[in-house]
Amino acid sequence: MTVAASDKGHVDLAISGMTCASCAARIEKRLNKLEGVAATVNFASEHAAVSFNPAVISIEDVIGAVEGIGYGAMLPEAAPDDDDPARPYRLRLVAAAVVSVPVGLWAWVAATRFGGWEWVSLVLATPVVVWAGWPFHRAAVLNARHLVATMDTLISLGTLAAWTWSVVVLVGGMHKGVYFDTATLITALILLGRYFEARAKRRSGEAVRALLELGAKEAHLLRDGEEVLVPVATLRTGDLFVVRPGEKVATDGLVTEGVSAVDQSMLTGEPVPVEVGPGSEVAGGTVNASGRLVVQATRVGAETALAQIARLVAQAQAGKAQVQRLADRVSGVFVPVVIGLALLTLAGWLLLSTAGTAAAFTSAVAVIVIACPCALGLATPTALMVGTGRGAQLGIVIKGPEILEQTRRVTTVVLDKTGTLTEGRLRVAALVPVPNESEDRLLQLAAAVEDASEHPIARAIAKEGRKRFGRLPGVEAFANRAGLGVEAYLDGRRVSVGRLSLLAEGGATIPESVVEDAAQLEGKGTTVVAVAFDGRVVGLVALADSLKATSTKAVSQLRALGLTPVLLTGDNERTARAVAAEVGIERVLANVLPEAKAAEVRRLQEAGEVVAMVGDGVNDAPALAQADLGLAIGTGTDVAIEASDITLVSGDLQAAADAIRLARRTLGTIKGNLFWAFAYNVAAIPLAMAGVVNPIIAAGTMAFSSVFVVSNSLRLRRFRPRREIP
């Protein structure tokens with residue numbers, strides 16, 4: 001079998017045959033022993049994330065290693081799509097439940113006991129123990145061949161021990177001390193637990209499956225002026241396709257014709273449709289609410305925003321939080337320890353008690369049955385699956401489980417200004433030429449130079465220039481001075497646009513009136529750039545950027561989480577403080593050059609702060625990477641998103657507070673699950689050893705523990721973001 005994914009050195013495998021956390025631990029241990037392989041096995045999602053060196057080992061060898069220890073492994077696309085994972089348990093459960101009732105009644109209700117009832121119980125119990133419980137026996141035998149014990153080993157030993165003991169007693173002529181009811185009810189209860197567990201596990205991953213299904217299946221491709229209905233998979237970058245009102249956008253693209261409102265809630269979590277027109281970007285899977293659009297495909301297949309979000313979420317779900325490591329280590333040795341405790345219980349009762357062989361046997365079986373590493377194995381992955389899935393629905397993409405730990409520790413949140421607190425769409429608010437210069441000449445000089453730059457300030461000035469003059473003069477020898485401004489030559493003379501310090505550095509004399517005008521404009525919260533032509537100051541251009549409507553509320557929500565907000569910007573002190581005062585931020589770090597942003601974050605960390613950074617631009621990427629927790633506004637650049645730990649697809653700063661709340665809630669659920677799983681075993685096993693809990697109650701309690709952990713995780717589906725709460 002040849003696998004394209006193997007060329008990349010990473011592949012996700014669908015694993016079959018796992019029945020408990022011990023199985024996952026065993027597969028993971030086996031894979032990690034292979035040369036050049038690093039693997040994580042997720043019991044809840046039944047997948048293995050495998051990184052490997054193709055030059056050392058092939059994917060076929062990896063799959064063979066899994067199959068060699070009794071489990072199945074295949075690529076997800078080759079795995080059967082089972083929409084009802086509980087199906088294998090349903091018929092066996094029904095049969096076991098129907099038979100267990102009369103067997104239990106005959107054993108418990110003395111009035112119904114008649115001669116030969118034990119033989120009838122044997123006839124009824126045998127198919128339940130052998131056929132209904134066959135999945136447990138089969139798995140136990142396969143594991144035994146490899147000298148390994150799992151949860152199935154415990155179940156198989158418990159039910160077969162009860163049945164075998166009863167047969168021996170019955171054939172020996174003793175009609176007291178038979179446990180056919182125990183064998184059948186244990187089988188039925190554990191099947192019931194597996195049935196509900198399978199259904200609950202399926203529900204825990206519904207969010208990501210639903211996200212993947214949101215994409216359009218067909219597209220109206222424009223070919224020679226005619227619309228042709230084609231599968232979305234056939235679209236290529238550059239193709240033009242039509243999106244009618246009510247239809248889904250086929251793939252990521254740029255609107256070339258038409259005006260409409262697009263519902264982006266499936267990606268951003270925002271319920272209000274966004275107005276789009278020529279030049280607007282649209283994402284695949286979003287819904288065209290009104291007018292007809294013609295869109296040019298820019299990203300297709302695995303490169304679309306929807307596919308990337310689903311991939312990031314899947315990678316996060318495949319990982320393991322630090323709190324799960326202890327549970328994994330416990331699960332790996334749990335079953336052999338339980339078998340040892342059961343033998344110790346049997347010996348202890350026989351040697352130290354006068355209750356007899358039946359009581360000793362009952363207590364030993366209860367120990368075997370009540371032990372449950374399943375809850376330990378499900379505690380983290382189910383909560384992680386539900387939490388990250390819910391986040392994806394709300395436009396919050398958490399990249400990995402280790403991120404959850406960081407959100408708990410964060411003390412300070414550093415906020416970029418442009419594009420984070422503000423809309424990031426600057427406009428020319430004022431032109432202030434020096435005496436003997438005109439606004440038109442000032443704007444023309446600035447726009448001509450800035451037209452060669454991609455900076456938001458440059459785009460705003462160039463846009464205003466083209467709007468007023470149509471065409472802009474060409475420049476030569478353009479140079480970008482990061483954090484200071486830009487320079488170029490126009491008609492052989494140097495034009496500088498940027499900070500006053502840039503102009504002074506170039507030899508220009510800065511009149512006092514220009515300094516005063518700049519201070520006055522900055523005090524109003526505008527960003528000011530100066531323009532010099534041939535070493536002489538021509539004037540000032542003031543640019544305004546509107547605050548996002550939700551920024552003030554978002555800062556308040558971050559404070560409510562116990563975080564100290566800090567504004568970090570390359571803008572001057574006056575402008576930065578004006579914006580900070582408007583949103584309620586007291587601490588401001590201004591005049592910070594792009595390359596110094598990461599250093600400022602590092603300085604906060606060295607002072608003992610645990611720092612979260614929220615940003616959206618290329619110049620934010622180093623700071624996002626340096627921060628203990630990086631949150632990228634999803635409307636920003638790809639490099640910023642790549643450097644972050646959490647992506648906020650909506651662009652609403654309130655989503656940062658929601659992301660931290662959701663991550664903390666998910667971590668809290670994981671810890672609650674692990675506490676329950678550990679506490680259950682710590683309390684239950686001694687009670688079983690003491691004879692307080694009989695095998696039937698033990699089976700019911702064991703099944704309940706796994707269902708409880710999964711159900712507790714499912715509560716995360718009800719998480720509501722603050723931005724939805726009035």
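Please work out how much length the chain gains when fully extended from residue 606 to residue 58, using 0.36 nm per residue of separation minus the C-alpha to C-alpha distance, in nm with one decimal. Intermediate results must be reported in sequence, preceding the final value.
Values: separation 548, 0.36 × 548 = 197.28 nm, distance 4.46 nm.
Difference between extended and current length: 192.8 nm.
Remark: accessible surface ordering of 71, 489 (largest first) is 489, 71, probe radius 1.4 Å. In the context of the full protein assembly, residue 163 retains an accessible surface of approximately 60 Å², using a probe radius of 1.4 Å and ignoring ligands and nucleic acids. Legend: distances between Cα atoms for 417/553; 524/553; 463/548; 248/548; 248/399; pairs beyond 23 Å are 248/548; 248/399.
Sorted by mean Cβ packing within 10 Å, highest first, what order do the peptides 244-250, 152-158 take?
Taking the mean over residues of other Cβ atoms within 10 Å, the ranking is 152-158, 244-250.
Among 438-449, 551-562, sorting by the average number of other beta carbon atoms lying within 10 angstrom of each residue, highest first, gives 438-449, 551-562. A cut-off of 5 Å between modelled amide H atoms, ignoring neighbours fewer than 5 places along the same chain, links residue 149 with no other residue.
The values are calculated or read from the model by the stated rules, or taken from the named source; none is laboratory data. On a predicted model such as this, the values are computed, not experimentally measured, just so you know. We place every Cβ from the backbone using ideal geometry, glycine too, and count neighbours over all the protein chains shown. Quick note on the areas: whole protein, heavy atoms, side chains included, nothing else; ligands and nucleic acids left out. Shrake-Rupley method; radii C 1.70, N 1.55, O 1.52, S 1.80 Å.
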